[in-house]
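Chemist: Let me begin by handing over the structure; questions about it come next.
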Amino acid sequence: MAFFFFLLLLLLHPATSSAAADDRPPSPGYWPSTRFHPMEFYRSFRNLWGPQHQGLNQNTLSIWLDRFTGSGFKSLRPFRSGYFGASIKLQPGYTAGVITAFYLSNNEAHPGFHDEVDIEFLGTTLGKPYTLQTNIYIRGSGDGQIIGREMKFHLWFDPTTDFHHYAILWHPKEIIFLVDDIPIRRYPRKSDTTFPLRPMWLYGSIWDASSWATEDGKYRADYSYQPFVAEFTNFKAGGCSAYSPARCWPVSASPFRSGGLTRQQQNAMKWVQSNHLVYNYCSDNERDHSLTPECWQ
């Protein structure tokens with residue numbers, strides 16, 4: 001009988017290992033984050049709101065939300081292209097209604113007619129995973145009549161147990177979203193009207209979005225769980241600032257100076273989208289796709 005159980009363990013162990021390996025993305029073969037040095041927070045950013053809800057410890061920034069306010073920060077310089085990343089750790093437990101965001105925007109320079117490129121973590125209820133939402137607004141599509149370009153993912157790891165690196169690569173030809181250097185989404189420039197072209201600043205924030213963040217507003221922020229804390233570190237931003245000369249060469253997410261992804265990076269992105277994509281605005285039949293022509297161009 002003991003010999004039988006020994007054989008059973010031998011049979012089950014490889015299967016278990018294989019199943020675990022199947023939920024890890026294949027290597028992208030290239031790691032763009034390694035091309036940029038970490039930045040000191042106060043040399044590159046300033047508080048935007050909620051200064052009493054920010055704390056810095058050895059270049060790890062904590063921002064938090066309670067029933068009184070949240071908090072946000074903003075880069076000192078605007079950019080017209082570049083790589084923008086940070087390592088982020090989220091709060092576990094009940095976080096419904098809470099948004100932790102890392103994004104590019106020019107909403108203060110162009111109020112009511114702004115551009116925005118978002119990485120947003122949508123808070124959740126107990127036992128359910130965070131949703132990572134990527135989104136792009138162009139020339140006021142985030143103002144008034146909202147025309148979002150959302151793609152949402154459930155990550156292949158728990159984003160509350162450790163820091164993971166999240167990044168936006170904004171190139172004149174494309175926008176690429178990355179998680180731990182794995183490309184998860186590529187948004188190509190198909191026309192000037194569907195692509196952000198004006199300089200943007202880099203932001204981070206935590207705030208109450210109970211009206212829509214968690215299952216379309218079904219679950220709201222519960223302040224008996226406050227404070228809701230997000231931690232940011234390993235800030236990286238490089239590329240062409242709005243003040244760079246015209247000859248400034250845009251950075252790329254791949255070894256190719258002209259942009260794009262390698263075949264290995266494309267395979268890693270395909271794996272993520274095949275296994276962890278939970279919403280794609282272009283596949284939503286209830287959307288008016290005349291407003292998002294890039295879906296059919």
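Chemist: Considering only region 182-200, how many residues are among the aliphatic types (A, V, I, L, M), in contact with a strand residue (DSSP E or B) (Cβ under 9 Å, 6 or more places away or on another chain) and either in a strand (DSSP E or B) or crowded, with 19+ Cβ neighbours inside 10 Å (or both)?
Modeler: So in region 182-200, the residues among the aliphatic types (A, V, I, L, M) come out as 182, 184, 197, 200.
Filter again for in contact with a strand residue (DSSP E or B) (Cβ under 9 Å, 6 or more places away or on another chain), leaving 184, 197, 200.
From what is left, the residues that are either in a strand (DSSP E or B) or crowded, with 19+ Cβ neighbours inside 10 Å (or both) are 184, 200.
Residues that pass the stated criteria total 2.
Chemist: May I ask you to say which residue of Ser252, Ser258 is of a type in the set (S, T, N, Q), under 15 Å from Pro32 (Cβ atoms), modelled with pLDDT under 95 and assigned to a loop (DSSP other than H, G, I, E, B)?
Modeler: None of the other options fit; the residue is Ser258.
Chemist: Considering only region 54-86, state which residues are of a type in the set (S, T, N, Q) and under 24 Å from Gln226 (Cβ atoms).
Modeler: The first filter runs over region 54-86 and keeps only residues of a type in the set (S, T, N, Q), leaving 54, 57-60, 62, 69, 71, 75, 81.
Gln54, Asn57, Thr60, Ser62, Thr69, Ser71, listed by residue number.
Chemist: Ok, one more. Please work out which one of (1) under 21 Å from Arg287 (Cβ atoms); (2) at pLDDT 95 or above is the condition Gly148 fails and give its number.
Modeler: With (1) under 21 Å from Arg287 (Cβ atoms); (2) at pLDDT 95 or above applied to Gly148, the lone miss is (2).
Conditions (1) closer than 19 Å to Pro32 by Cβ; (2) of a type in the set (S, T, N, Q), marked per residue:
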site: Leu202; (1), (2): yes, no
site: Gln226; (1), (2): no, yes
site: Thr233; (1), (2): yes, yes
site: Gln265; (1), (2): yes, yes
site: Val272; (1), (2): yes, no
site: Asn275; (1), (2): no, yes
site: Tyr279; (1), (2): no, no
site: Asn285; (1), (2): no, yes
site: Leu291; (1), (2): no, no
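Here's the yes/no breakdown for (1) of a type in the set (Phe, Trp, Tyr); (2) modelled with pLDDT under 95; (3) not in a strand (DSSP E or B):
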| site | (1), (2), (3) |
| --- | --- |
| Leu10 | no, yes, yes |
| Pro26 | no, no, yes |
| Gln52 | no, no, yes |
| Leu61 | no, no, no |
| Phe68 | yes, no, yes |
| Gly82 | no, no, no |
| Gly85 | no, no, no |
| Ala101 | no, no, no |
| Leu104 | no, no, no |
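Chemist: Under 6 Å between Cβ atoms, at least 6 apart or on separate chains: pull out the pairs that start in region 137-160 with a residue that is open to solvent by 40 Å² or more (accessible area, probe 1.4 Å) and end on any residue that is not in a loop (DSSP other than H, G, I, E, B).
Modeler: Lys152/Thr131; Lys152/Gln133; Lys152/Val278; Lys152/Tyr279; His154/Val278
Chemist: Suppose we keep only residues that are β-branched (Val, Ile, Thr) and open to solvent by 30 Å² or more (accessible area, probe 1.4 Å) within region 29-83. Which one would you say is farthest from Ala101 (Cα to Cα)?
Modeler: Thr34
Chemist: Of the numbered conditions (1) part of a strand (DSSP E or B); (2) within 30 Å of Arg24 (Cβ to Cβ); (3) open to solvent by less than 10 Å² (accessible area, probe 1.4 Å); (4) of a type outside the set (Gly, Ala, Ser), Glu231 fails exactly one; give the number of that condition.
Modeler: Every condition holds for Glu231 apart from (3).
Chemist: Which residue is farthest from the chain's Cα centre (by Cα), if the candidates are limited to region 234-268 and must be open to solvent by less than 30 Å² (accessible area, probe 1.4 Å) and over 27 Å from Asn106 (Cβ atoms)?
Modeler: Restricting to residues being open to solvent by less than 30 Å² (accessible area, probe 1.4 Å) and over 27 Å from Asn106 (Cβ atoms), the top hit is Thr262.
Chemist: In addition: May I ask you to list pairs of residues, at least six apart or on different chains, whose Cβ atoms are under 6 Å apart, with the first in region 28-53 being over 13 Å from Phe235 (Cβ atoms) and the second being assigned to a helix (DSSP H, G or I) and among the aliphatic types (A, V, I, L, M)?
Modeler: Pro28/Ala268
Chemist: Tell me which of these Val179 doesn't satisfy, since it passes every other one: (1) open to solvent by 20 Å² or more (accessible area, probe 1.4 Å); (2) within 23 Å of Ala237 (Cβ to Cβ); (3) in contact with a Phe, Trp or Tyr (Cβ under 7 Å, 6 or more places away or on another chain).
Modeler: Checking Val179 against (1) open to solvent by 20 Å² or more (accessible area, probe 1.4 Å); (2) within 23 Å of Ala237 (Cβ to Cβ); (3) in contact with a Phe, Trp or Tyr (Cβ under 7 Å, 6 or more places away or on another chain), the one that fails is (1).
Chemist: Moving on. Suppose the filter is charged (D, E, K, R) and in contact with a Leu (Cβ under 7 Å, 6 or more places away or on another chain); does Glu108 pass it? It would help to see each step written out before you state the result.
Modeler: Details: charged (D, E, K, R): yes; in contact with a Leu (Cβ under 7 Å, 6 or more places away or on another chain): no.
Judged against the criteria, Glu108 is not a match.
The values are calculated or read from the model by the stated rules, or taken from the named source; none is laboratory data. Note that the structure is predicted; figures quoted are calculated from it, not measured. Quick reminder, even Gly has a Cβ in these numbers, built from the backbone with ideal geometry, and neighbours come from all protein chains shown. To get the accessible areas, we keep the full protein, side chains included, count just its heavy atoms, and leave off ligands, DNA and RNA. Shrake-Rupley method; radii C 1.70, N 1.55, O 1.52, S 1.80 Å.
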